[in-house]
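Visitor: Sharing a structure with you now.
The values are calculated or read from the model by the stated rules, or taken from the named source; none is laboratory data. Keep in mind that what you see is a predicted model, and the values were worked out from it rather than measured. Here the Cβ is made from the backbone with ideal geometry for all residues, glycine too, and neighbour counts use every protein chain on show.
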Amino acid sequence: MKICFLGLDLPEGKVKYQDERVINLDKKFEAKKVTPFYAEFIKDDCQQCDGFIVSRERLWDLFILDMDKLETRRDRITDEFEKQLLTRCLEYLEKEIPLCEAGFSGEELALLRQLAPLTLKPTVITEAPPEINDAIEQVLKKAGIVFFYTADKKEVHAWPVKEDSDIVSCAAKIHSDLARGFIKAEIVRYEDLITVYNWQEARTKGLVRLVDRDYTIRAGDIIEIRFNI
């Protein structure tokens with residue numbers, strides 16, 4: 001994830017997200033490999049990013065770019081639906097509300113995504129300079145991204161996905177074969193696995209659930225996929 005920051009003193013470049021779950025799972029399993037989540041911070045590059053964190057003082061540096069773009073578009077078009085939508089967008093922006101926080105229908109979102117206003121991306125406005133981990137957390141939350149995990153002695157891995165992702169989509173994040181040959185998945189909650197010795201003890205104690213492809217992932221789920229190719 002690339003996060004553009006404006007008006008804040010944050011380090012540029014890749015930063016490891018200090019995920020307590022990853023840290024504790026690594027301690028528990030003494031894994032040979034650990035793959036945490038990394039965010040990349042970029043300064044003042046509004047186009048090449050996945051989201052924003054911006055100080056209140058610099059907010060209009062970002063908003064004015066959207067307003068200019070949407071006003072120009074609105075004044076050129078004749079389609080009444082789009083014209084009304086863009087007028088609404090401009091009203092939100094005038095009230096200092098980023099478009100990612102406005103409520104749009106599926107049809108409206110599809111149209112706006114074609115126009116690609118910047119603040120339709122996850123946009124965090126901050127009153128005070130955040131700590132680096134807090135900055136990452138705030139943008140992840142605004143983006144609706146949660147983490148599931150795979151964890152054993154070989155590797156502890158944090159996997160970012162959109163909230164309400166189904167288990168097959170999560171399997172595909174790990175490897176396309178896992179999604180293609182998906183049979184079922186074993187799910188254990190982080191807070192349960194951390195209290196027992198290993199997966200086998202979790203199974204013995206009834207802490208592991210066997211789920212089908214319609215299961216919706218929850219933040220903190222640790223998964224193992226059963227598959228057959």
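Residue by residue, here is whether (1) out of contact with any strand residue (DSSP E or B) (no Cβ under 7 Å at 6 or more places or on another chain); (2) closer than 19 Å to Pro129 by Cβ; (3) surrounded by 16 or more Cβ atoms within 10 Å (Cβ to Cβ) holds:
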| residue | (1), (2), (3) |
| --- | --- |
| Gly13 | no, yes, no |
| Asp61 | no, yes, no |
| Arg74 | yes, no, yes |
| Gly106 | yes, no, no |
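Yes/no per residue for (1) in a loop (DSSP other than H, G, I, E, B); (2) of a type in the set (D, E, K, R); (3) farther than 22 Å from Asp221 by Cβ; (4) in contact (Cβ under 8 Å) with a residue 12 or more places away in the chain:
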residue: Pro11; (1), (2), (3), (4): yes, no, yes, yes
residue: Lys14; (1), (2), (3), (4): no, yes, yes, yes
residue: Ile23; (1), (2), (3), (4): no, no, no, no
residue: Lys27; (1), (2), (3), (4): no, yes, no, no
residue: Ile42; (1), (2), (3), (4): no, no, yes, yes
residue: Asp45; (1), (2), (3), (4): yes, yes, yes, yes
residue: Cys49; (1), (2), (3), (4): yes, no, yes, yes
residue: Phe63; (1), (2), (3), (4): no, no, yes, yes
residue: Lys69; (1), (2), (3), (4): no, yes, yes, yes
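Visitor: Could you tell me whether Glu91 is surrounded by fewer than 20 Cβ atoms within 10 Å (Cβ to Cβ), within 22 Å of the chain's Cα centre (by Cα), acidic (Asp, Glu) and not in a strand (DSSP E or B)?
Guide: Details: surrounded by fewer than 20 Cβ atoms within 10 Å (Cβ to Cβ): yes; within 22 Å of the chain's Cα centre (by Cα): no; acidic (Asp, Glu): yes; not in a strand (DSSP E or B): yes.
No: the conditions fail for Glu91.
A quick yes/no check of all residues on (1) at pLDDT below 95; (2) more than 16 Å from Glu20 (Cα to Cα):
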{"site": "Pro129", "(1), (2)": "yes, yes"}
{"site": "Lys142", "(1), (2)": "no, yes"}
{"site": "His157", "(1), (2)": "no, no"}
{"site": "Ile187", "(1), (2)": "no, yes"}
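Visitor: Name the one entry in Lys142, Lys153 that is part of a loop (DSSP other than H, G, I, E, B), closer than 30 Å to Ile225 by Cα and in contact with a helix residue (DSSP H, G or I) (Cβ under 7 Å, 6 or more places away or on another chain). If you could, list the steps in order and put the result at the bottom.
Guide: On the way: Lys142 fails: part of a loop (DSSP other than H, G, I, E, B).
Being part of a loop (DSSP other than H, G, I, E, B), closer than 30 Å to Ile225 by Cα and in contact with a helix residue (DSSP H, G or I) (Cβ under 7 Å, 6 or more places away or on another chain) holds for just one of Lys142, Lys153, which is Lys153.
Visitor: OK, next. Could you please give the count of residues in region 29-48 that are surrounded by fewer than 18 Cβ atoms within 10 Å (Cβ to Cβ), under 30 Å from Asn198 (Cα atoms) and touching a helix residue (DSSP H, G or I) at 6+ places or on another chain (Cβ under 8 Å)?
Guide: 2
Visitor: On to the next question. For Ile97, state whether it is assigned by TED's automatic domain parsing to the domain that holds Leu118, surrounded by fewer than 16 Cβ atoms within 10 Å (Cβ to Cβ) and either within 26 Å of Val15 (Cβ to Cβ) or aliphatic (A, V, I, L, M) (or both).
Guide: no
Visitor: Same structure, new question: Kindly list the number of the only condition in (1) surrounded by 15 or more Cβ atoms within 10 Å (Cβ to Cβ); (2) under 18 Å from Gln138 (Cα atoms) that fails for Asp9.
Guide: So Asp9 meets the others, but not (1).
Visitor: Additional query: Check whether at least one residue in region 139-148 is farther than 30 Å from Asp26 by Cβ and out of contact with any Phe, Trp or Tyr (no Cβ under 9 Å at 6 or more places or on another chain), and report yes or no. If you could, list the steps in order and put the result at the bottom.
Guide: Initially, region 139-148 is screened for residues farther than 30 Å from Asp26 by Cβ, giving none.
Looking through region 139-148, none of the residues is farther than 30 Å from Asp26 by Cβ and out of contact with any Phe, Trp or Tyr (no Cβ under 9 Å at 6 or more places or on another chain).
Visitor: So Glu186 ticks every box in (1) surrounded by 14 or more Cβ atoms within 10 Å (Cβ to Cβ); (2) assigned to a helix (DSSP H, G or I); (3) of a type outside the set (Lys, Arg) but one. Which box is left unticked?
Guide: Here Glu186 clears every test but (2).
Quick grid of which residues meet (1) outside any loop (DSSP other than H, G, I, E, B); (2) of a type in the set (Phe, Trp, Tyr); (3) buried (at least 16 other Cβ atoms within 10 Å of the Cβ); (4) more than 22 Å from the chain's Cα centre (by Cα):
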| residue | (1), (2), (3), (4) |
| --- | --- |
| Gln138 | yes, no, yes, no |
| His157 | yes, no, yes, no |
| Cys170 | yes, no, yes, no |
| Ala179 | yes, no, yes, no |
| Gly206 | no, no, no, yes |
| Leu210 | yes, no, no, yes |
| Arg213 | no, no, no, no |
| Ala219 | no, no, no, no |
| Arg226 | yes, no, no, yes |
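Visitor: Quick check on my filter: what residues within region 174-222 are closer than 18 Å to Ala151 by Cα and of a type in the set (Asp, Glu)?
Guide: Glu186, Glu191, Asp192, Glu201, Asp221
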